[in-house]
Amino acid sequence: MSSPGDIPALPEHLYVHVPLCRTKCAYCDFFSVSEADLPLTIDALTGALVEQTLAWAERGLALRPLQTLYVGGGTPSMLGPALAGLVDAIGTHVGFAPGAEVTVEANPDSLDDSLVALLAEAGVTRVSLGVQSFHDDVLHLLGRAHDATRALAAARSVRDWNLDLSVDLMCGIPGQSMGSWLSSVELAIGTGAGHVSVYPLSLESGTPLAAEVLLGRFAEPDPDIAADMMIAAGELLALEGFKRYEIANYAKPGAESRHNTAYWTGKEYLAVGPGAHGMLSADTARTAGFIVPAEAARVRYAIACELQSGLQLVPRVDVETLTADETMREDVMLGLRLTRGVPDALVERAGVSGVLGRLEGTGLVERAGSHWRLTEGGWLLGNEVFGEVWAGE
Ligand code: SF4
């Protein structure tokens with residue numbers, strides 16, 4: 001799509017990565033540093049993130065108001081009032097379309113009522129709160145920097161300021177009982193959140209929790225127990241009016257994440273900040289100065305920023321390109337994450353009707369009208385399905 005004057009336009013979806021956390025959680029292998037290890041001040045960091053965003057407009061692309069902004073991390077709420085300043089600056093210099101979804105991720109240890117007030121004033125519409133559990137023993141094992149009381153208070157502040165609330169919860173944690181898990185789900189529902197994400201714990205090598213499991217201090221997470229917990233959470237959420245719309249995401253009607261839905265429906269999105277990942281059409285990427293092979297249809301890029309040398313205006317990016325065929329297979333893979341599934345027409349264009357037919361035989365996918373979608377078994381074995389679709393016929 002082009003803007004007036006036929007200058008190719010930037011995507012309408014922007015992800016900003018804030019690489020800051022209070023402490024490192026025991027299970028986490030994402031890139032983040034503590035404030036003490038941040039080699040620049042918070043104001044310099046947020047200023048550089050805004051400049052990195054605006055630098056895209058100097059690459060021959062027109063800025064246009066955003067449909068969605070997602071400030072993720074790390075822990076964006078660790079920026080304190082500067083987080084509101086970051087959102088305000090993006091709103092001023094890039095702009096938000098009417099009704100835009102403006103989400104910030106927050107952790108309960110760095111979100112209080114006064115910060116929520118500033119965020120609401122800056123134009124934030126939605127807070128994604130990393131709670132993981134409302135039980136202190138589980139939070140302690142995970143190495144989270146907050147307790148359950150703090151999590152409930154942070155959720156209350158978000159709702160008091162009339163912002164949409166999403167709560168992240170984690171299951172399949174060593175020692176976590178089904179009762180503890182379901183009580184966390186109930187407490188999340190009780191906060192008034194319109195959106196709940198439920199994830200099984202994934203044991204990442206090199207993390208302190210993986211080391212504890214290797215040493216035998218904790219049992220290895222059991223995928224069958226995690227699957228039972230995911231199913232039980234889904235049943236409880238359904239009773240309270242939440243609808244599953246993606247593998248791990250449940251929402252009340254109209255409260256689905258529009259930003260994440262853009263990822264799953266193959267929309268272009270821009271990403272700034274160290275460690276961020278963006279996706280552009282090959283045409284947009286060429287206009288922005290990427291060297292892209294003639295056969296490429298889609299470009300995925302990851303920002304490889306050395307924080308030690310500050311945030312460069314035009315950082316080094318690692319680029320992966322997809323052909324038109326690969327792009328269509330990727331669209332099928334992404335679309336299968338959604339409960340509404342993928343239309344026949346796309347499956348046929350992508351040349352994977354035979355793959356889905358075989359998977360139907362194993363009970364992992366099914367037909368629903370003119371769409372293909374995952375079955376309950378397919379939700380639990382999604383990576384197997386996606387791998388087969390990616391491999392093609
Ligand atoms: S708060 Fe999130 S990003 Fe930060 S260490 Fe914990 S899990 Fe990782």
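The values are calculated or read from the model by the stated rules, or taken from the named source; none is laboratory data. For clarity, every value in this text was computed on a predicted model and none was experimentally measured. Note that we place each Cβ from the backbone using ideal geometry, even for glycine, and neighbour counts take in every protein chain shown. With ligands, DNA and RNA removed, areas are computed over all heavy atoms of the protein, side chains included. Shrake-Rupley method; radii C 1.70, N 1.55, O 1.52, S 1.80 Å.
For a label point 7 Å from the Cα of Ser177 along Cα→C-beta, name the residues of the range 144-163 whose backbone N is under 19 Å from it.
Residues passing the 19 Å test: 148.
Quick one: if the Förster radius is 41 Å, what FRET efficiency do Thr323 and His93 give, using the C-beta to C-beta distance and rounding to 0.05?
0.70
Please give me, ordered by residue number, the GluC sites (Glu not before Pro) of the range 327-387 that lie in loop per DSSP and have at most 14 other Cβ atoms within 10 Å.
Sites meeting the loop and neighbour criteria: none at all.
Give the residue from Ala9, Ala296, Pro223 lying farthest towards the positive end of the charge dipole for the chain; charges sit on Cβ (+1 for Lys and Arg, -1 for Asp and Glu) and the dipole is referred to the Cα centre.
Ala9
Could you report the range 4-262's accessible area per residue, 1.4 Å probe, as an integer in Å²?
40
Cut-off under 19 Å on the C-alpha distance; same-chain residues fewer than 8 positions from Lys243 excluded. Which lysines are left, in chain and number order?
List returned: Lys252.
At a probe size of 1.4 Å, how large is the accessible area of Phe386, to the nearest 10 Å²?
Counting only protein heavy atoms, the figure is 20 Å².
So which residue, out of Ala304, Ala248, Ala36, gets the largest mean-square fluctuation from a GNM of the chain using Cα contacts under 10 Å as springs?
Ala36
Would you list, by chain and number, the lysines whose Cα falls below 27 Å from the Cα of Lys24, excluding same-chain residues fewer than 8 positions away?
Qualifying lysines at Cα under 27 Å: none.
Only helical DSSP H runs with n ≥ 4 go in: add -39500 (n - 2.57) per run for the chain, normalise by residue count and round the 222 nm mean residue ellipticity to 500 deg cm²/dmol.
Helices in the chain give a 222 nm mean residue ellipticity of -11000 deg cm²/dmol.
What figure in square angstrom, to the nearest 10, would you give for the accessible area of Asp331 with a 1.4 Å probe?
40
Counting only protein chains, not ligands or nucleic acids, how are Ile231, Ile225, Ile173 ordered by accessible area (probe 1.4 Å), most first?
So the residues, ranked largest to smallest area, are Ile225, Ile231, Ile173.
Take the solvent-accessible surface of the protein heavy atoms, probe 1.4 Å, and return the percent of it on the chain that carbon and sulfur atoms account for.
Carbon and sulfur: 53 percent of the exposed surface of the chain.
How about the range 176-242: which GluC sites (Glu not before Pro) there are in a DSSP loop, with at most 11 other Cβ atoms within 10 Å of their Cβ?
The qualifying sites: there are none.
May I ask you to derive the relative contact order of the range 160-300, considering only C-alpha pairs under 8 Å and at least 6 residues apart, and to give it as an integer percent?
It rounds to 20 percent for the range 160-300.
In whole percent, what relative contact order does the chain give with Cα contacts below 8 Å and a gap of six or more residues?
Relative contact order here is 15 percent.
Using Cα-Cα distances under 8 Å and only pairs 6 or more residues apart, what relative contact order does the range 238-361 have, in percent?
Over the range 238-361, the number comes to 21 percent.
Accessible area of Asp224, 1.4 Å probe, to the nearest 10 Å²?
110
In the chain, which Cys residues have no partner Cys with a Cβ closer than 4.7 Å?
Lacking a cysteine Cβ partner under 4.7 Å: Cys21, Cys171, Cys305.
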